[in-house]
Amino acid sequence: MRGHVGPYPADSSEVLSVRSFNPLKTFWMLFAFVTMILLAAVPASADGPLSLLDILPMGSMSHDVDVQDGFLYVASDGGLTVVDVSTPETPVIRGRLAATSNMGIKVRGPYAYLASPSSGLRVVDISNPDAPRLLSTKPAYNAFRLLPH
């Protein structure tokens, strides 16, 4: 399998690829990310205005997110942060993994895949949201985003 790194779910119908830096795309991704974070924490109502429910400091610059099974996975300059968002009014940080310069993240089953421009592709076991564990790293320098195929 092209681009295979470390453990991968038994259903390999999706292959992840690493893409290099594109400034314009990065601007729009950042815009979309900020908009998504603001909207993700705000319940929508057709009858009135939206209101901010909560703000959860991450401790470092956040670059990308993915959501699976009531958890928000945040890729940041400081690492991976797992946030329980099953109750949107009270998000709770459940676990962290220190790993510098993460720009992109994709979550598939019990694995999170992190893109780092300095370290490459990281595979993290997230089966225990309280203790994410780094499984492997593969050099893929200037990796900024992970895109499903």
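Readers should treat all values here as calculations from the given coordinates under stated rules, not as data from a laboratory. Note that this is a predicted model, so its numbers are computed, not measured. Reconstructed Cβ throughout: ideal geometry from the backbone, glycine too, with neighbour counts over all protein chains shown.
Summarising the amide proton neighbourhood of residue 64: residues at separation of 5 or more, or on other chains, whose placed amide H is nearer than 5 Å comprise 75. Per-residue Karplus couplings for the range 60-69, computed as 6.51 cos²θ - 1.76 cosθ + 1.60 with θ equal to phi - 60°, are listed in order as 7, 5, 8, 10, 7, 9, 9, 10, 7, 6 Hz, Gly and Pro entered as x. The packing ranking, built from the mean of other Cβ atoms within 10 Å per residue, places the peptides 75-88, 101-114, 132-145, 52-65 in the order 101-114, 75-88, 132-145, 52-65, highest first. Specify whether the C-alpha gyration tensor of the range 58-149 places it in the rounded, prolate or oblate class, a ≥ b ≥ c being the square roots of the eigenvalues: rounded for a/c under 1.5, otherwise prolate if a/b is larger than b/c and oblate if not. Judged from the Cα gyration tensor, the range 58-149 comes out prolate (a/c at least 1.5, a/b above b/c).
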